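Input: a single structure, listed below in structure tokens.
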Amino acid sequence: MKLPKPRFKGELSLEEAIKNRRTTRFFQKRPLKLDHFSQLLWAGYGITEGFRRTVPSAGALYPMDLYVAVGRDSVEWIEEGVYHYVAEEHFIQLVTGMDVRMELSQAALFQSWIADAPICFIITAEYRRITIKYGDRGIRYAIVEAGHMAQNIFLQAEALSLGAGIVGAFHDEKIMNIASLPVNNYPLLLMPVGYKL
Ligand SMILES: Cc1cc2nc3c(=O)[nH]c(=O)nc-3n(C[C@H](O)[C@H](O)[C@H](O)COP(=O)(O)O)c2cc1C
């Protein structure tokens, strides 16, 4: 599904977004606007110029992927499921058509607040896309890149008056199975996002 074009101007200054950013763990039940959903994906790992993205990447190899678990009635015009973000076309591709938020929260040591958010990003790394050039050090570079993506999502959420959380405590294999991630795509971070309560 093709997403609305991202916007490059917002209401909040960068300084205000940095100052206000907090991990949000309480969300309204309200569905996300499609524009907001689209904007978050772009900020997380979208294209800015040519093949270059919103985050820096060692050797411009971009070994990461951005997935998003969407709950039932959680984003305008979008059915529940797990989607893969295809940055080059700014569209999302369905991976599995189930609302997996509850399962994600259980795989994340039963952190129930994850299931309360309308959407949950899954930031993954496919290490061989970067270790092919940098050897084992590529693993470090991919993890650093995940941090850049997470901060972009945090700040973009803040700029849209949304709240974002970040979760590193989960069982990798369970998340891979629940989200039907392709082989060799390892989850590094989960990020629930929604309107703050
Ligand atoms: C790598 C990483 C993993 C985290 N994992 C969790 C988590 O599993 N559950 C959680 O509630 N918060 C998690 N957090 C959020 C931290 O608790 C939070 O960032 C910290 O308390 C500072 O609060 P702030 O983000 O509101 O500034 C994680 C943060 C990072 C950077």
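Could we say that Ile123 is at pLDDT 95 or above, within 14 Å of the chain's Cα centre (by Cα) and among the β-branched types (Val, Ile, Thr) here? Can you show your working first?
Working: at pLDDT 95 or above: yes; within 14 Å of the chain's Cα centre (by Cα): yes; among the β-branched types (Val, Ile, Thr): yes.
Against the criterion (at pLDDT 95 or above, within 14 Å of the chain's Cα centre (by Cα) and among the β-branched types (Val, Ile, Thr)), Ile123 qualifies.
Hey, does segment 46-55 have a residue that's small (Gly, Ala, Ser), touching a Gly at 6+ places or on another chain (Cβ under 9 Å) and open to solvent by 20 Å² or more (accessible area, probe 1.4 Å)? Talk me through it step by step, then tell me what you get.
Pass one, segment 46-55, residues small (Gly, Ala, Ser): 46, 50.
From what is left, the residues that are touching a Gly at 6+ places or on another chain (Cβ under 9 Å) are none.
Within segment 46-55, none of the residues are small (Gly, Ala, Ser), touching a Gly at 6+ places or on another chain (Cβ under 9 Å) and open to solvent by 20 Å² or more (accessible area, probe 1.4 Å).
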### Count - residues of segment 112-146 that are within 16 Å of the ligand (Cβ to nearest atom), open to solvent by less than 50 Å² (accessible area, probe 1.4 Å) and not in a helix (DSSP H, G or I)
7
### Query
Between residues in segment 105-119 that are within 12 Å of Gly165 (Cα to Cα) and residues that are within 11 Å of the ligand (Cβ to nearest atom) and among the aromatic types (Phe, Trp, Tyr), which pairs lie under 8 Å by C-beta distance while being six or more apart or on different chains?
none
### Query
So, in segment 87-100, of the ones that are touching a residue at least 60 places away in the same chain (Cβ under 8 Å) and crowded, with 17+ Cβ neighbours inside 10 Å, which residue ends up farthest from the ligand (Cβ to nearest atom)?
His90
### Query
Among Leu155, Leu94, Leu109, which is assigned to a helix (DSSP H, G or I), hydrophobic (A, V, I, L, M, F, W, C) and farther than 17 Å from Met64 by Cβ?
Leu155
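Every residue, every condition in (1) among the basic types (Lys, Arg); (2) without any contact (Cβ under 8 Å) to a residue 12 or more places away in the chain; (3) surrounded by fewer than 16 Cβ atoms within 10 Å (Cβ to Cβ), yes or no:
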position: Pro4; (1), (2), (3): no, no, yes
position: Asn20; (1), (2), (3): no, no, yes
position: Leu32; (1), (2), (3): no, no, no
position: Asp35; (1), (2), (3): no, no, yes
position: Ala60; (1), (2), (3): no, yes, yes
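The values are calculated or read from the model by the stated rules, or taken from the named source; none is laboratory data. Note that the structure is a prediction, hence the values are computed from the model and not measured. With ideal geometry, Cβ positions are generated from the backbone for all residues, glycine too; neighbour counts draw on all protein chains shown. Just so you know, the surface numbers come from the protein's heavy atoms only, side chains and all, with ligands and any DNA or RNA stripped out. Shrake-Rupley method; radii C 1.70, N 1.55, O 1.52, S 1.80 Å.
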